[in-house]
Structure formats: structure tokens, C-alpha cells
Amino acid sequence: MELILIFLILIILTPFLLWIIWTWRTYRRRKMKLFYFQIIVLTLVLFYITWIFRIFPGSTIYYERKYNKALTGLSFTAKEVYVHNSERYFNGDGYSMTVFELDETIANKFTNPTSDFFTDYPIKDNDRKDWLAVQWKKSPINDNEKLFLDFAFGEFIPKDKIEAKQLQDQFDYIDKIMHSKECYYAYNYKMHGEEIVGDIDFFIIVPKDKKLIIINHNT
């Protein structure tokens with residue numbers, strides 16, 4: 001995975017570095033019109049790259065608000081309070097869980113969501129077009145959906161005992177809340193065969209605890 005990442009970085013940086021060399025040579029030859037054009041192009045490309053990789057100031061907030069808008073219908077940012085990421089294989093297989101703390105204003109809005117929350121969201125990403133989608137529902141989870149929750153719990157148990165305990169605490173909390181009447185849940189999934197879940201994005205909102213939980217499990 002690391003080699004692939006290095007290779008992709010080199011693919012991105014090589015034309016960028018060649019452009020810088022060309023621009024420097026243009027400046028030394030005093031071809032100023034061409035030089036200004038190269039600087040403008042270089043600036044725009046640099047802005048685009050730093051924006052999509054969320055390096056440019058404000059880009060992370062923009063993408064987070066955009067993501068949450070597509071997820072819930074509300075545009076907001078939230079504080080990460082727990083993150084677990086397993087090792088990812090070259091094809092993306094792996095497991096991740098992120099728990100966000102919602103501010104009180106946003107959490108209160110989910111106490112009594114509007115009707116479109118249940119009919120229009122989440123909106124799938126472009127790379128999930130061939131996945132099936134289940135819009136937001138009020139818990140408790142239905143019996144025929146428990147295979148999706150079980151799959152969302154994953155099989156990637158950390159070797160570190162402290163990390164494993166922290167992850168198990170999250171599983172216990174989710175299992176309890178999903179069998180109560182105190183949260184909302186939705187998920188996108190892809191089957192591997194008729195009865196085997198192969199990939200899932202599982203989302204949970206707990207207004208009373210001001211939590212948003214996002215799980216991804218790919219196999």
C-alpha cells in the first residue's frame with residue numbers, strides 16, 4: 001500500500017517539477033509573457049492539488065460540511081472523539097470507525113428530523129453508485145437487518161490490548177443503542193453473492209449523546 005502511495009505521489013509531482021523547471025528557464029530567457037502565463041497556470045494547479053488533498057486552508061471544513069450535507073441534509077462540522085483504522089490492503093479492503101461529537105444545536109435538530117431526512121438521505125457518493133442504499137430509520141434495528149450490523153462490527157481486531165478494548169467499548173455502545181429507540185441509522189452496502197455482505201458504510205446518529213458514528217468495512 002505504501003509503495004502504491006509513493007508511486008502515485010511521484011506521478012503527481014513529476015509533471016509539476018518539470019513545469020517549474022520550464023518556468024525557471026523561461027524567466028532566465030526573459031520571455032515574460034510566457035513566464036506570467038506559466039506562473040498563473042502553476043498557481044491554479046497548486047491551488048487545485050492542495051484543495052482536493054485538503055491541504056489548502058479551509059478545504060477540510062468545506063469537504064466535511066459537503067459530506068455531512070449529503071449524509072444528513074444538514075451542513076455542519078463535528079469534532080472527532082474516536083478514530084480506529086485498520087490496515088488497508090491494496091484493493092481498499094479494511095475497516096474504519098470514526099465517532100464525532102455533534103454540537104448541541106445540530107444534535108437538537110436530529111431530535112425531530114424533517115421528513116426528507118428519512119426519504120432523501122444519505123445521498124450516495126459517485127463511487128457507491130452500484131451499492132444498495134437504506135435511508136435513515138429510527139431504531140431499534142429490524143431483525144432482518146442484523147446481518148448488516150454484524151458485518152459493520154467487522155473482523156479487524158487490533159493486536160494492541162488497549163486499542164482492542166477501546167474498539168470493543170464502541171461495539172458494546174453501538175449494540176446497545178441500536179436496540180433502543182434513541183438513535184437513527186442508515187447504510188449503503190454491496191453484496192458478495194445472495195446472502196453475504198461484502199462492503200458497507202454504516203451511519204448512526206444519537207441525538208441525546210450528541211454522536212455521529214461512521215463505519216466502513218470492505219472485503
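The values are calculated or read from the model by the stated rules, or taken from the named source; none is laboratory data. These figures come from a predicted structure and were not determined experimentally. Cβ sites come from the backbone with ideal geometry, for glycine too, and all protein chains shown count toward neighbours.
Scan segment 50-100 for residues that are part of a helix (DSSP H, G or I), out of contact with any Ser or Thr (no Cβ under 6 Å at 6 or more places or on another chain) and of a type in the set (D, E, K, R) and jot them down.
66
Which of the residues that make up segment 149-177 are aliphatic (A, V, I, L, M) and over 21 Å from the mean Cα position of the chain (by Cα)?
Within segment 149-177, 162, 164, 177 qualify.
Those residues that are surrounded by fewer than 19 Cβ atoms within 10 Å (Cβ to Cβ), touching a strand residue (DSSP E or B) at 6+ places or on another chain (Cβ under 9 Å) and not charged (D, E, K, R), I need them from segment 154-170; list them, please.
Once the filter is applied, which keeps residues that are surrounded by fewer than 19 Cβ atoms within 10 Å (Cβ to Cβ), touching a strand residue (DSSP E or B) at 6+ places or on another chain (Cβ under 9 Å) and not charged (D, E, K, R), segment 154-170 yields 156, 158, 166, 170.
I'd like the residue in segment 203-219 that is of a type in the set (A, V, I, L, M) and over 15 Å from residue 113 (Cα atoms) and, out of all such residues, is farthest from the chain's Cα centre (by Cα).
213
Of all residues being surrounded by 13 or more Cβ atoms within 10 Å (Cβ to Cβ) and in contact (Cβ under 8 Å) with a residue 12 or more places away in the chain in segment 50-67, which is nearest to residue 8 (Cα to Cα)? Just the residue, please.
Only one residue tops the list, namely 64.
What strands (runs of 3 or more DSSP E), lying completely within segment 102-219, carry at least 1 residues that are closer than 26 Å to residue 81 by Cα, basic (Lys, Arg) and modelled with pLDDT of 95 or more?
Here the list reads 132-138, 211-218.
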